[in-house]
Amino acid sequence: MRKQPDRQRSRMRERLEAMRARAEKSTSWRIPVAYLLRLVNHKGEVPIGTRLTREDLIFLAEAREEVELLAEAALRILELHHPKPSGGLSSDPENPLRRCRACMTRWPCPTFRALTTSLDH
């Protein structure tokens with residue numbers, strides 16, 4: 001039995017919001033990583049001692065799989081939403097009007113813009 005579209009959408013929204021919440025609760029490692037990279041030893045390891053919160057551990061336990069899932073989803077969306085010539089006459093032959101293959105809105109479509117805005121942030 002297939003799930004109803006709005007139920008699927010709700011479940012997906014819940015999962016994405018849970019991922020975002022875990023990321024927001026965990027500690028940012030951006031600054032410590034720059035320092036830690038300088039401490040890599042001859043074995044390619046960094047022998048450190050640190051304090052991790054429960055939220056950090058939960059985030060780290062799921063992060064790799066979640067990033068992989070999100071990247072796969074973004075790639076599939078990107079594959080669906082790409083430009084195609086609109087086929088109409090244009091006053092500027094060098095820059096013809098294009099539309100999205102998936103949603104048929106003017107290129108770049110809102111879905112593509114949302115992806116680029118999020119990823120270029």
Hey, Leu78 part of a helix (DSSP H, G or I) and closer than 30 Å to Cys103 by Cα or not: yes
Any pair with Cβ under 6 angstrom, 6 or more apart, that starts in the range 75-89 at a residue that is modelled with pLDDT of 90 or more and ends at one that is part of a helix (DSSP H, G or I): His81/Thr111; His81/Phe112
Of all residues making up the range 61-81, the number that are open to solvent by 60 Å² or more (accessible area, probe 1.4 Å) and over 30 Å from Thr27 (Cβ atoms): 4
Top-ranked residue of the range 7-18 - restricted to ones that are modelled with pLDDT of 85 or more and open to solvent by less than 100 Å² (accessible area, probe 1.4 Å), ranked as farthest from Leu60 (Cα to Cα): Ser10
Condition broken by Ile48, with the remaining ones in (1) touching a helix residue (DSSP H, G or I) at 6+ places or on another chain (Cβ under 7 Å); (2) hydrophobic (A, V, I, L, M, F, W, C); (3) surrounded by 11 or more Cβ atoms within 10 Å (Cβ to Cβ) satisfied: (3)
How about the range 84-111: which of its residues are part of a strand (DSSP E or B) and either under 30 Å from Arg20 (Cα atoms) or among the polar types (S, T, N, Q) (or both)? Cys100
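The values are calculated or read from the model by the stated rules, or taken from the named source; none is laboratory data. Values in this document were obtained by computation on a predicted structure and should not be read as measured data. Ideal geometry is used to build each Cβ from the backbone, glycine not excepted, and the neighbour counts take in all protein chains shown. Areas reflect the complete protein model, heavy atoms only, side chains present, ligands, DNA and RNA absent. Shrake-Rupley method; radii C 1.70, N 1.55, O 1.52, S 1.80 Å.
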